[in-house]
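Here is the structure we will look at.
The values are calculated or read from the model by the stated rules, or taken from the named source; none is laboratory data. This one's a predicted model, so the numbers in the text were calculated from it and none came from an experiment. Cβ: placed from backbone, ideal geometry, glycine included. Neighbour counts: every protein chain shown.
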Amino acid sequence: MSTVFSLIIKGDIPGTFVYRDEYCVAFMSINPITDGHVLVVPIEEVDHWIDMSPELSRHMFSVCHRISQALSKAFPCERVGMMIAGYEINHCHVHLIPTTSISDFNFAHAAAKIEREILEEHAEKIIAALN
């Protein structure tokens with residue numbers, strides 16, 4: 001059975017994408033902790049990040065690095081944090097979160113919902129910073 005992320009990647013569920021290549025995608029979190037919260041997800045359905053091939057791990061980290069640089073340009077923050085929690089959905093995903101303090105890593109502060117047009121505005125800022 002496909003994961004919710006696979007359904008987003010295939011376009012069966014809407015997603016606000018900022019990046020896509022043959023190995024992974026990046027899209028806006030629909031429950032962002034801060035403005036600009038992005039998820040980087042391998043296209044391959046890998047449950048636990050330690051089960052990714054070394055090549056895919058290197059590629060994912062490289063993409064996370066590039067997107068994090070764009071996030072730091074697009075949103076006011078002291079750092080861009082990166083987290084792999086791995087409990088919410090059985091499909092590996094990396095959270096990239098523009099932060100101003102360690103307290104920004106609290107998922108209890110995640111938005112219950114966010115307007116699609118705001119996600120699209122945030123995505124446009126990130127895409128512009130990537131280019």
_Matching option when the condition is closer than 17 Å to Tyr19 by Cβ, surrounded by fewer than 16 Cβ atoms within 10 Å (Cβ to Cβ), at pLDDT 95 or above and of a type in the set (Ser, Thr, Tyr), among Ser62, Ser68_ = Ser62
*asked:* Which condition from (1) loosely packed, with under 15 Cβ neighbours inside 10 Å; (2) modelled with pLDDT under 95; (3) more than 23 Å from Ala129 (Cα to Cα) is the one that Pro54 breaks?
replied: (2)
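Based on this model, can you work out whether Ala108 counts as part of a helix (DSSP H, G or I), free of Cβ contacts under 8 Å to residues at least 12 places away in the same chain, of a type in the set (Gly, Ala, Ser) and out of contact with any Lys or Arg (no Cβ under 8 Å at 6 or more places or on another chain)?
Details: part of a helix (DSSP H, G or I): yes; free of Cβ contacts under 8 Å to residues at least 12 places away in the same chain: yes; of a type in the set (Gly, Ala, Ser): yes; out of contact with any Lys or Arg (no Cβ under 8 Å at 6 or more places or on another chain): yes.
It is true that Ala108 is part of a helix (DSSP H, G or I), free of Cβ contacts under 8 Å to residues at least 12 places away in the same chain, of a type in the set (Gly, Ala, Ser) and out of contact with any Lys or Arg (no Cβ under 8 Å at 6 or more places or on another chain).
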*Any residue in the range 74-98 that's touching a residue at least 40 places away in the same chain (Cβ under 8 Å) and in a strand (DSSP E or B): show its pairings with residues that are of a type in the set (A, V, I, L, M) and exposed (fewer than 15 other Cβ atoms within 10 Å of the Cβ) at Cβ separation under 8 Å, as long as the two are six or more apart or on different chains.*
Val94/Met83; Val94/Ile84; His95/Met83; His95/Ile84; His95/Ala85; Ile97/Met83
*Considering only the range 35-67, state which residues are under 19 Å from Leu119 (Cβ atoms) and either in a strand (DSSP E or B) or touching a Gly at 6+ places or on another chain (Cβ under 9 Å) (or both).*
Val38, Leu39, Val40, Val41
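Out of Val46, Val38, I need the residue that is closer than 20 Å to Pro98 by Cβ and aliphatic (A, V, I, L, M). Which one? It would help to see each step written out before you state the result.
On the way: Val46 fails: closer than 20 Å to Pro98 by Cβ.
Exactly one of Val46, Val38 is closer than 20 Å to Pro98 by Cβ and aliphatic (A, V, I, L, M), namely Val38.
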*Any residue at all in the range 34-46 that is touching a helix residue (DSSP H, G or I) at 6+ places or on another chain (Cβ under 6 Å), closer than 24 Å to Ala108 by Cα, surrounded by fewer than 15 Cβ atoms within 10 Å (Cβ to Cβ) and of a type in the set (A, V, I, L, M)?*
no
